[in-house]
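The values are calculated or read from the model by the stated rules, or taken from the named source; none is laboratory data. This structure is a prediction, so every number in the text was calculated from the model and none was measured. We place every Cβ from the backbone using ideal geometry, glycine too, and count neighbours over all the protein chains shown.
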Amino acid sequence: MARPLICQTCGQQAAHLRRDVVDKGYNVLTKPPLWNCDRCYAKKRQQRLHHGHCDVVFLCGFMATGKSKIGYLLAARLGWEMVDTDQLIERRAKRTIAQIFAVQGEAEFRRLARQAVAEAAGRDKVVVALGGGAVTQEENWQTIRASGGVVICLAAAVDTILTRVERKDDRPLLAGLNTAEKRAKIERMLAERAPFYERADLTLTTSESISPDATAQEATECVLALIEERDAVS
């Protein structure tokens with residue numbers, strides 16, 4: 001008969017154990033890592049997260065790549081707050097993004113966006129969904145890097161983006177365009193913004209065949225790994 005698996009943290013029997021290094025103060029020279037059940041493992045990773053040096057995650061990327069939807073799922077997994085900078089802008093301006101573009105112009109929108117990025121970056125334990133063009137502004141990049149946060153770029157194929165934007169006709173930069181014109185403008189803007197998106201710490205691709213939950217889970221694992229890596233270096 002096989003010996004029962006006992007968690008070395010809580011002492012309870014478990015279906016399986018994990019021996020990843022998640023114990024605070026672990027030193028390979030003084031003691032081996034503990035065998036942890038799933039519950040203790042998850043708890044210790046969360047503790048590592050909350051005591052890490054990174055307390056902001058920025059999601060950047062083109063329009064309709066899933067920043068807001070995945071941002072809320074990622075924030076829930078991390079136990080953090082979720083902030084959408086477009087929503088901050090709308091609350092401050094008391095207008096929708098489309099109305100700001102129409103009445104006040106793109107320059108005013110970009111000014112409000114810089115304020116929103118600075119406000120969001122100053123919070124603790126937060127996932128920030130940035131507007132599609134936020135990272136094309138150098139001042140925003142300076143704010144983002146000064147926060148010490150992790151930057152994840154969400155990418156998607158042109159066909160995926162086009163399908164998503166045509167479901168809701170509320171994209172000011174694509175207003176009044178037919179499908180072919182939208183495709184051409186998306187392709188042009190993606191090419192122009194590529195150098196800015198490439199500054200991100202990592203890139204994850206979204207598609208109609210990958211669920212937002214799956215992408216959020218992958219993002220969570222990446223964030224935790226980056227935090228552990230930074231802890232090890234420090």
| task | For Leu34, state whether it is outside the structural domain of Arg164 (by TED's automatic domain parsing) and modelled with pLDDT under 85. | result | yes
| task | Look through the range 186-198, keep the residues that are surrounded by 15 or more Cβ atoms within 10 Å (Cβ to Cβ) and either closer than 19 Å to Val150 by Cβ or without any contact (Cβ under 8 Å) to a residue 60 or more places away in the chain (or both), and return whichever of them is farthest from the chain's Cα centre (by Cα). | result | Phe196
| Quick one: how many residues across the range 199-223 are outside any helix (DSSP H, G or I) and free of Cβ contacts under 8 Å to residues at least 24 places away in the same chain? | 3
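Given the criteria assigned by TED's automatic domain parsing to the domain that holds Trp80, under 23 Å from Ile70 (Cα atoms), without any contact (Cβ under 8 Å) to a residue 24 or more places away in the chain and in contact with a strand residue (DSSP E or B) (Cβ under 8 Å, 6 or more places away or on another chain), does Glu166 qualify? Before you say what the answer is, go through the steps one by one.
Working: assigned by TED's automatic domain parsing to the domain that holds Trp80: yes; under 23 Å from Ile70 (Cα atoms): yes; without any contact (Cβ under 8 Å) to a residue 24 or more places away in the chain: yes; in contact with a strand residue (DSSP E or B) (Cβ under 8 Å, 6 or more places away or on another chain): no.
Here the answer is no, as Glu166 does not meet what is asked.
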| All but one of (1) surrounded by 15 or more Cβ atoms within 10 Å (Cβ to Cβ); (2) of a type in the set (Val, Ile, Thr); (3) modelled with pLDDT of 95 or more hold for Val223; which doesn't? | (3)
